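The values are calculated or read from the model by the stated rules, or taken from the named source; none is laboratory data. Note that this is a predicted model, so its numbers are computed, not measured. When we count neighbours, we look across all protein chains shown, and the Cβ atoms used for this are built from the backbone with ideal geometry, even at glycine. These area figures cover heavy atoms from the full protein model, side chains too; ligands, DNA and RNA do not enter into them. Shrake-Rupley method; radii C 1.70, N 1.55, O 1.52, S 1.80 Å.
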Amino acid sequence: LPYVARNTLLPEKKLNNRAACRIEDNLKMADIAETKNEDIPSLSLGSITEPTTSKSEIPKCKFIEDIDSFSKSFTPPASAELLIGAFSDLFGKFKQYEMNLAAKRTNYQTKIPEIEKTLALVRHLRKKKDEEEKIITRYCVTDTVYAKAEVDSDSEKVYLWLGANVMLEYTYDEALELLSEREKMAKKDYQEVSM
């Protein structure tokens, strides 16, 4: 419903009793909210948390020894309901942080082994090229059908799947450098989210 000023009616439309009651209820609620807003202390996230110095930027919750003096530190004093609501909101944010960290941890637990396998494969291709051996492998055509293929390691090129439907061609040295760097970064990031 649009906000209608007190004692005014919309000229084009006739209001039935139900609509008039809803408008009157909305006006009463607006009056109550206006008077309550004057009595509510300003309680922000910064007043119940401590500044963080960690890279994750997750705030630390303040330990409150004396709740009575803490609630009276606001002007006007904060009610128990307001404090409980603020800490409930903070708890919800901490649960969201926890879920995000768990998702990142799971992502790195699958990403790191993939990088290590790809790195080992590129090293194997390079070794076989240096030894001038043929590489015969099986590749998956469909779920249960495999075919033999001979890999040309003399070309010294591999195609790496970067994600987002992007695949690029690299030389063995470029691929080893890129994968080593990504492995190092992924392990470092995994350590940070595992703390």
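Taking the solvent-accessible surface of protein heavy atoms with a 1.4 Å probe, what is the per residue accessible area of segment 49-132 in Å²?
Value for segment 49-132: 75 Å² per residue.
Below 8 Å between Cα atoms, with a sequence gap of 6+, how large is the relative contact order for segment 108-178 in percent?
Reported as a whole number, the value is 25 percent.
Tell me which GluC sites (Glu not before Pro) from segment 56-157 have a DSSP coil assignment and no more than 12 other beta carbons within 10 Å of their own.
Of the GluC sites (Glu not before Pro), the ones in loops of segment 56-157 whose Cβ has at most 12 other Cβ atoms within 10 Å are Glu57, Glu65, Glu131, Glu132, Glu133.
Among the listed pairs Lys134/Lys184; Lys127/Lys148; Lys117/Lys148; Lys111/Lys134; Lys104/Lys127, which are separated by more than 26 Å between their Cα atoms?
Lys134/Lys184; Lys111/Lys134; Lys104/Lys127
Taking the Cα-to-Cβ direction at His124 and at Tyr190 and moving 7 Å from each Cα, how far apart do the two end points lie in nm?
2.0 nm
In nm, give the distance between the simple-model label positions of Asp154 and Gln109, each being 7 Å from the Cα along the Cα-to-Cβ direction.
Output for this residue pair reads 4.6 nm.
Under 1.5 on a/c is rounded, so check that first for segment 130-189, then, if it is not, pick prolate when a/b is larger than b/c and oblate when it is not; a ≥ b ≥ c are the square roots of the alpha carbon gyration tensor eigenvalues.
Because a/c hits 1.5 or more and a/b fails to exceed b/c, segment 130-189 counts as oblate.
Of the trypsin sites (Lys or Arg not before Pro) in segment 88-195, which ones lie in a loop per DSSP and count no more than 11 other C-beta atoms within 10 Å?
Lys134
If I ignore ligands, DNA and RNA and count only protein heavy atoms, how much of Met167 is accessible to a 1.4 Å probe, in Å² to the nearest 10?
Approximately 100 Å² of Met167 is accessible to the 1.4 Å probe.
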